[in-house]
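The values are calculated or read from the model by the stated rules, or taken from the named source; none is laboratory data. Note that the structure is predicted; figures quoted are calculated from it, not measured. With ideal geometry, Cβ positions are generated from the backbone for all residues, glycine too; neighbour counts draw on all protein chains shown. Side chains are part of the model used for accessible areas, which takes the heavy atoms of the whole protein and leaves out ligands, DNA and RNA. Shrake-Rupley method; radii C 1.70, N 1.55, O 1.52, S 1.80 Å.
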Amino acid sequence: EGGFNAGNINTAKLEEFLANCYSESFRLHDAEALYRRCLAAAEREAGKGSEMYLRCQGNLALVCFRLNQWEEAERLFLASLAGKSSPDDWAVRANNIGYLYMTMRRHKDAEPWFRRSIALWQGRQDEHARLMHAQGLHGLGMSAYQQDRHAEAQRLLEQALAARQRLLPDDSRWVAQSQGMLASVYSSLGRDAEARRLAEQAEQAYRRRWGNDHIDVALELHELGLLLARQGELALAVKKLDESRRIYQRYIAGALTGLSQPEQLQFLAEERSRLMDAGAMTRLHSDESELVRAALEWTLNDKGLVQQTLAERLLQARDAHLHPELAGVLSELNDVRRRLAALATAGDEKQSLWRELLAKENELQRQLGRTSRHAHRDVAWISLAEVRNSLPEESVLVQIVRLDRAQPAVSFFGARPEADPHYIAWTLRKSDSRVRFFDLGPADQIEAALAEVREGISDATGQIQQRGEPEAERSLQEKLAQLSHRILQPLEAELADSRRLVLSPDGALWLAPWAALPRSDGRYLVESHSIRYITGVRGSAPDAGAANGAPVIMADPDFDLSGQEVESSLRAIYRGRSLPGIPETRSFATLSDLGRVARLPATAAEAKAITPSLQRYAGHPPIVYERQYALESVFRRLRQPRALVLSTHGFFLENGDEDDPLLRCGLLLAGCNQRGKAKSAAGEEGILTGLEIVSADLRGTELVVLSACETGLGQVHSGEGVAGLRQAFQLAGAKRVVSTLWQIPDLESARLMADFFETLAQGQDQADALAEAQRTRIRARRDRHEAAHPIFWAAYTVTGN
């Protein structure tokens, strides 16, 4: 360090060497940072066409490839191949882009690149050329294997292995790679004994090379586990797969920290294919108790990793006094998010700015993750015993996974089994250590039954008006019974002797009205059990302690408030202090799809009714912001209230699947009907998006109640819950969130919330309090209407660990 100047070409060469070491050992974010510094130095000193620049560009592409950032990897590879490189360097990068396309299952693109690389090494006798020739043969063999051309794959991979064994020591990584891949081919051909011998040799070689905690070891352990399971050695297969999953979790957690949320979801989509193999294997061997227990532990440790990583990153970054290096990045990220929220549904003329800001937000997320990475806690493995001990008394945990296929792959690297999605579930009781497994059935049938239920709920108001509540309830119960037959009744015996259900759904089942599912005795599930939803068992973020701010209620916003009236309200609230401001680009927001919204007068009565109970619960009188004071700026200035109640309209826009779902959900506050007209100096539009909510400081907030319509909806991500308002408040730091699955009549919502807070003030758990409030409404409606249609009470859910 003392002999070179930072940023010069000699320093860059040393950094490139170190980056290569990091890349090989899969310290990918460290490698990425150094390669980008090398690129900057090479461009400054020698230009973009220099050999070093193109080489670093190709190496950076390889890091992006390993992080499953395939579009960026392709762009960088092609750019590096377009330059004037030495034939050797060009051939190396051609081979690497072949591997990228093969991983993407773009075989028609992959194989020409492998062949071009092989042709450049053909006939040369130097050791490097012969090794790279073998590398190309290996790639062609893998591509053939993925396309079920097993004989061709065997021939090519045997040639690659023979060449590598002649040139390299037995514990070489490349020899092990050929042995492991050829083992998978032999297994597909039924040559199990040879396959096992090679796979075990590869495992041991990787351990000698890297130790016991490298991703190459995890890859081979997974392949060996699949092979052993097919040979009937399930106990040994479970041992191998268990070690593989533990290594994977540490690797995945480390990789996620330096990625933006879209990149994290893309990364996990590929990595979770291995977990799908484990789930499908459990489905085939559900009578093997050790496999069932282990598979539950694997899924519990995997679920919710993205939400946990994002929340941890944001909450730690807010501790600026502990991590001052994060303050600038966080401030800029919040600014960009506010500007993005302003453009959420802007017209085409704003789309170029939208794309620019979205790219900036992703880059700032990466910077925040990279900067705070060393401050992150280690991701410890959570055992079933720890999970069981954390469950409340008299409870059952139900863990659901949506499998993308019903059969495990012969090999992760081979042809994927035919898509046949299934829902599977495990139960774990507080009262004993027994674990049960259930195959709930084909996903298409379950999701079709759920669609029927949700359609019936959307038609409920008209049905009640036309046919009366008793008949409308019976009609919906028929649809609910079909769904319950598939997803609840198989589990019902496990719910006996308990009164609490801790539910971790997956896929579309996050949107199912579990409280309203009929049991075999005809009662609704909520009549016997309270229900708490969880994304994963880890919790969203490090424990921030208890929030000590006064509870806050925002209710009955004046949606017609003018810009001038907004300013008057803010001056009245802040009494001469500087008014909160936001970027001028706020004026671009339109959100025209939402239309004009009507006042919710019952929310004022709701706020008044819950105030005494909320005071008893929180130990402080709540601060109430109503009508002209229920403003965006007020929300943004909240700091760690112990409880927060928002009684207003909520929304989730279904269009725009490629956009961030947190930009398509939100709450409507004072002045939203005046958006697009003259505004206050503070730029109030009356629309609070999920992305803005993420930036709020709700660390330690015990409870957020979204007494609004459809606040539990959003974009479903397998293994990660629903990206919407519920998730936004959890990312902001809230421990528990009460939200809704559909629109609820205003008056009924107010009554249910009054019952909920009254029970909560008596010391009940939030899930128990909600269940008791729902039972109260059921009894009241049956007494008065001889029916209790779920539309009036079943929409509310409690989510959080």
Residue 444 to residue 521: extension gain in nm, 0.36 nm per residue of separation minus the Cα-Cα distance? 25.0 nm
Whole-Hz couplings from phi, Karplus 6.51/-1.76/1.60, listed for the range 86-95; x for Gly and Pro: 5, x, 5, 5, 4, 5, 4, 6, 4, 5
Return the FRET efficiency for the residue pair residue 747, residue 33: r is the Cβ-Cβ distance, R0 is 41 Å, and the value is rounded to the nearest 0.05. 0.10
Residues of the range 509-532 with backbone N under 11 Å of the label point set 7 Å from the Cα of residue 499 along Cα→Cβ are 528-530
At what distance in nm do the modelled label points of residue 356 and residue 14 sit from each other, each positioned 7 Å from its Cα along Cα→Cβ? 3.9
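P(r) tail for the range 65-134, what percent of Cα pairs lie past 13 Å? Mind showing how you got there, number by number?
On the way: 1530 of 2415 pairs.
Of all Cα-Cα pairs in the range 65-134, 63 percent lie more than 13 Å apart.
Using the beta-carbon distance between residue 467 and residue 489 and R0 = 25 Å, what value does 1/(1 + (r/R0)^6) give for FRET efficiency, to the nearest 0.05?
Working: r = 27 Å, r/R0 = 1.09.
It comes to 0.35.
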The range 519-525 - phi-based ³J(HN,Hα) in whole Hz, Karplus 6.51/-1.76/1.60, Gly and Pro as x: 7, 5, 8, x, 6, 5, 4
Per residue and in Å³, how big is the convex hull formed by the alpha-carbon atoms of the range 422-529? 94
Compute the length gained on full extension between residue 363 and residue 106: take 0.36 nm times their separation in residues and subtract their Cα-Cα distance, giving the result in nm to one decimal. 89.8 nm
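To the nearest 0.05, what FRET efficiency results for residue 21 and residue 782 with a Förster distance of 56 Å applied to their C-beta separation?
0.20
Using a cut-off of 13 Å between beta-carbons, work out the net charge of the residues near residue 437 (Lys and Arg +1, Asp and Glu -1, residue 437 not included).
Values: positive: 283, 293, 434, 436; negative: 287, 288, 290, 297, 439, 494.
Net local charge, residue 437 excluded: -2.
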Can you give the extra length, in nm with one decimal, that the chain gains between residue 150 and residue 627 once fully stretched, where that is 0.36 nm per residue apart less the Cα-Cα distance? 164.7 nm
Please list, ordered by chain and number, the residues whose modelled amide H lies under 5 Å from the amide H of residue 687; skip anything fewer than 5 residues away on the same chain. 669
Which aspartates and glutamates, on any chain, are close to residue 108 with Cα under 18 Å apart, when same-chain ones fewer than 8 places away are left out? 71, 74, 148, 152
Amide hydrogen neighbours beyond the local backbone of residue 699, cut-off 5 Å, H modeled: 640
For the range 457-497, what's the radius of gyration and Dmax over Cα atoms, in angstrom? 13.6, 41
210, 174, reordered so the largest accessible area comes first (probe 1.4 Å): 174, 210
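If the convex hull of the alpha-carbon atoms of the range 135-257 is projected onto planes in all directions, what is the mean projected area in square nanometres?
Working: hull surface 30.7 nm².
Approximately 7.7 nm², given one-decimal rounding.
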Treat each spin label as a single point 7 Å out from the Cα along the C-beta direction, and report the residue 385 to residue 762 distance in nm. 3.8
Quick one: which residues, 5+ away or cross-chain, put their amide H under 5 Å from the amide H of residue 627? H built at 1.01 Å from N. 555, 558
